[in-house]
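J.: The structure's right below; bear with me while I get my questions together.
None of the figures in this text is laboratory data; all of them are computed from the coordinates on show. Being a predicted model, the structure only gives us computed values, none of them experimental.
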Amino acid sequence: MKETLKPGIRYQHSFVIPKTKTVPALYPEAEEFVEMPEVFATGFLVGFLEWTCIKAVNPYLDWPREQTVGTHVDVTHEAATPPGLEVTATVELIAVEGRKLVFDVQAHDGVDLIAKGRHERFVINREKFDARVAEKAKLA
């Protein structure tokens, strides 16, 4: 991590929602999801917020040796967004506690505030992380 990784970093990222990011596409194996409305899925929304946080801090890491992984999500999904609308996420790094990063996050679809909350990420060394995951996979 670079010394410039400090609270106050803000980033904004936009994405036009395709049908492939709607509830029926979340788990096409699940009949329950397939029958639900075609709106931006909460699972994909969380991923979009994570993506924005990653983009915010990557310039402050020794990328790709250092990366971040999500460890906690506390986000409300306030309004439905149909495909075709552009969603913009705005994130701010509000705390750096060792390798733990805490963000305020929100997203807007041009009509409504659709999400707000907090997200935590942890800075990892990719090589060490992969080694631990490989050891765990041996137990399966």
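J.: Against the longest alpha carbon principal axis of the chain, how many degrees, from 0 to 90 and to the nearest 10, is the axis of helix 42-57 turned?
T.: Value to nearest ten degrees: 40.
J.: Same structure, new question: Reachable aspartates and glutamates from Lys2, Cα under 13 Å, same-chain residues fewer than 8 places away excluded?
T.: Qualifying aspartates and glutamates at Cα under 13 Å: Asp62, Glu66.
J.: Calculate for the chain the 222 nm mean residue ellipticity that helices alone would give, adding -39,500 (n - 2.57) per DSSP H run of length 4 or more and normalising by residue count, nearest 500 deg cm²/dmol. Write down the numbers at each step before the final one.
T.: Details: 4 runs with 37 residues, N = 140.
Taking each H run of at least 4 residues, the total per residue is -7500 deg cm²/dmol.
J.: Angle check, please: helix 126-138 long axis (alpha carbons) against the longest principal axis of the chain (alpha carbons), in degrees 0 to 90, nearest 10.
T.: For 126-138 against the chain, the angle is about 70 degrees.
J.: Next up: Too long at a 27 Å Cα-Cα cut-off: which of Lys19/Lys136; Lys55/Lys138; Lys21/Lys55? Numbers along the way, then the final one.
T.: On the way: Lys19/Lys136 35 Å; Lys55/Lys138 32 Å; Lys21/Lys55 20 Å.
Pairs exceeding the cut-off: Lys19/Lys136; Lys55/Lys138.
J.: Under 8 Å for C-alpha pairs, at least 6 residues apart: give me the relative contact order for the chain, rounded to a whole percent.
T.: On the way: 278 pairs, mean separation 38.8, N = 140.
With pairs under 8 Å counted, the relative contact order is 28 percent.
J.: Sticking with this one: Test of understanding: what is the full-extension gain from Val16 to Met1, defined as 0.36 nm times their sequence separation minus their Cα-Cα distance?
T.: On the way: separation 15, 0.36 × 15 = 5.40 nm, distance 3.15 nm.
Fully extending the segment from Val16 to Met1 adds 2.3 nm.
J.: Roughly how far apart, in whole Å, are the Cα centres of the stretch 26-56 and the stretch 90-125?
T.: 17
J.: Let me ask you something else. From zero outward in steps of 10 Å, how is the percent of C-alpha pairs of the stretch 75-131 spread across the bins?
T.: 22, 36, 25, 16, 1
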